[in-house]
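For reference, the structure discussed in these notes is given below.
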Amino acid sequence: MGNDNERNEEKRPLQEKSTFFSTSFIRFLGGKNLLFFLLITLLLGVIIFVYDKISFIFAPLQVLFNVIILPGVLGVILYYLLRPPLKLLVKWKVPRSLGILILYIVVAGFLTLLALLVFPFLRDQFTNLVQDFPIYFMSVAETIVSFLNNSRINEYFQTVNFEFDEFLMDFQEDLVVTVKDTMANIASGVASGITGFVSTVTGILLSLVIVPFIAFYLLYEGEKLPKFILKIFPPRMRNEVGEVLHDMDKQISSYIQGQILVSFCIGIMMTIGFTIIGLDYALLLGFIAMITSVVPYLGPAIAATPAGIIAIVHSPFMIVKLIIVWTIVQLIEGKFISPQIMGKSLSIHPITIIFVLLTAGSLFGVPGVVLGIPGYALIKVLITHAYRLFKNRYNAFQTNEANKFEEKVK
């Protein structure tokens, strides 16, 4: 009898140890696999810490990334723009390589026609705007000072012996001195910075030359890439990974194609509206609005700045007409164009878009502003699928627990 008690006492610690991983919560989290997961996470943290201490070794990789990021992004954009017409040509029994060649010829012809017909006019308008912009700016400053001189605010500044005319003269003198100093600094820095400038221009030109080749291989073999990625994963995970890749591709495709079409429509409507109200540099301002509209919400606000300055100088009534045109274009874009082109595929709240753009811009600058929304869309896809897997696992776990409880009751 005493021997049996001793044996039970010896088995009890083993049973307590074994029941830790058999609790409901621990088994839901993965059971003994939870310990393995925690060890792997700790190991990854140690690896990241060590790699951070020897990050100088990876400087060549960073340079490589900086070199390929521009042509890579442009190649992906061109791929998503040309993929729909290529699919249509392939559907019409046109060989894929011949279809890509046809599309390249069409794009080259369109760009050549645009350069011959539109670019000279835009260049002249841009040159005139650069020459006249200081005049516009000083006119706006004089208008503001005149308004303040004739307002009750002037009474307050007279009590503190503040003269707007002297302030304006000092501002003009400071502006002239600043411009002269800036030009002198630029002139003195040209000789020292000529090497960097040439290397930068050379890198951009090489990137633009590489873009068609990247887009060609993506168009020719892009359909094989998901299959190659799926082979890396175990067979039981391929269906889920395939759905994730499909949703990510859909998000990027919808954003790139939709946002470029929306920007093009905004540019056309802005140009027509500016022409109707008689605003100077209507084509150039419409082109600026089209380019900046690639960035949602922030882009149109940036494009409104030069148009607003020109409208203020023109006449006060021109400001009202500019606001009317801008409001109508934004309403048409928000209520009709974007829902029809973009659909509800992204379904990102405007406040979320603004926060994403501000955060990405603070972290990565201009590339972050441009790539912030598609990057957020990809992260959203991953999180959505991860949550769905977690929910399915939780439901299955709850079902198993309920079945076990029923069996015990029986």
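The values are calculated or read from the model by the stated rules, or taken from the named source; none is laboratory data. Remember, predicted model here, so these are calculated numbers, not experimental data. As a convention, Cβ positions derive from the backbone with ideal geometry for all residues, glycine included, and neighbour counts pool all protein chains shown. Ligands, DNA and RNA are stripped out before the accessible areas are found, and what is left, the full protein with its side chains, is counted by its heavy atoms. Shrake-Rupley method; radii C 1.70, N 1.55, O 1.52, S 1.80 Å.
Some notes on this structure:
- Meets criteria (within 22 Å of residue 69 (Cβ to Cβ) and at pLDDT 85 or above) for residue 260: yes
- Residue match in the range 246-262 (condition: more than 25 Å from residue 353 (Cβ to Cβ) and in a helix (DSSP H, G or I)): no
- For the range 370-383, the set of residues classified as open to solvent by 60 Å² or more (accessible area, probe 1.4 Å) and in contact (Cβ under 8 Å) with a residue 24 or more places away in the chain consists of 370, 371, 376, 380, 382, listed by residue number.
- Among residues of the range 110-139 that are under 10 Å from residue 284 (Cβ atoms), those with a beta-carbon under 8 Å from a residue that is open to solvent by 50 Å² or more (accessible area, probe 1.4 Å) at least six positions away or on a different chain give the pairs 121/283; 122/283; 122/287; 125/283.
- Any hit, the range 39-57, residues being surrounded by 12 or more Cβ atoms within 10 Å (Cβ to Cβ), on the phi < 0 side of the Ramachandran plot and either modelled with pLDDT of 85 or more or not small (Gly, Ala, Ser) (or both): no
- Only one of 270, 290 that is buried (at least 19 other Cβ atoms within 10 Å of the Cβ) and touching a residue at least 40 places away in the same chain (Cβ under 8 Å): 270
- Note on the range 67-106: among residues that are buried (at least 16 other Cβ atoms within 10 Å of the Cβ) and of a type in the set (Val, Ile, Thr), the one that is modelled with the lowest pLDDT is 73.
- Filter result for residue 279 (open to solvent by less than 40 Å² (accessible area, probe 1.4 Å) and in contact (Cβ under 8 Å) with a residue 40 or more places away in the chain): yes
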